[in-house]
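*Asks:* Quick one: structure below, then a few questions.
Here, each number is a calculation from the coordinates, and none is a lab measurement. This structure is a prediction, so every number in the text was calculated from the model and none was measured. Glycine also receives a Cβ, built like all others from the backbone with ideal geometry; neighbour counts cover every protein chain displayed.
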């Protein structure tokens, strides 16, 4: 009987050891609590902020247009030239072209309201000798009056007259082409289309071969 009890106790002890429920028999080292491993807290890294690229002004697409000679827009960036006098015109832009030959007369004068009349207008007369068969250009210029020009042959006959065919700065210069039908002294009467200014008006008379 004793053997049965002892065997039973041995079996119970073996079972207790296997199940870990007998702390008193197996010693304290085997039944110490397992150490608890504490994980360190996870530190959240701040998000990386991408810095924007530095600002660059947009390029001018027309910057290099002037470098292209075949570009129809090459003058878009060029500044317009200032015209000091928008009414100024070339001196020889009249309907009748100027002459290019020898100059026979180039003289300045001044027309006054009390000058002797011709064709019911005050005038200044100039005489010039012309050769038969040659063509001449006679121009009366003035910036101070609306010039008017008469030409008389050696016999005193009126052969040409003009108002504004010479163009000029004001567009009111006079010019005629004449072919001398005979040699001799021709008279040029320099006057104004309308009234002469009270203070008078300066002018230039020019005669040259065409």
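*Asks:* Can you sort 123, 177 so the residue with the fewest Cβ neighbours within 10 Å comes first?
*Replies:* Working: 123 21, 177 15.
In increasing order of surrounding Cβ atoms, one gets 177, 123.
*Asks:* On to the next question. Any chance you could run the full-extension gain for residue 195 through residue 48? It's 0.36 nm times the residue separation minus the Cα-Cα distance, nm to one decimal.
*Replies:* Full extension of this stretch gives 43.8 nm more.
*Asks:* Give the peptides 99-108, 200-209 in descending order of average Cβ contacts within 10 Å, highest first.
*Replies:* Highest to lowest by the protection proxy: 200-209, 99-108.
*Asks:* Additional query: Strictly greater than 22 Å: what percent of every Cα pair in the range 103-209 meets that?
*Replies:* 24 percent
*Asks:* Measuring from centroid to centroid over Cα atoms, what is the spacing of the range 112-128 and the range 141-187 in Å?
*Replies:* Taking the Cα centre of the range 141-187 as reference, the centre of the range 112-128 is 13 Å away.
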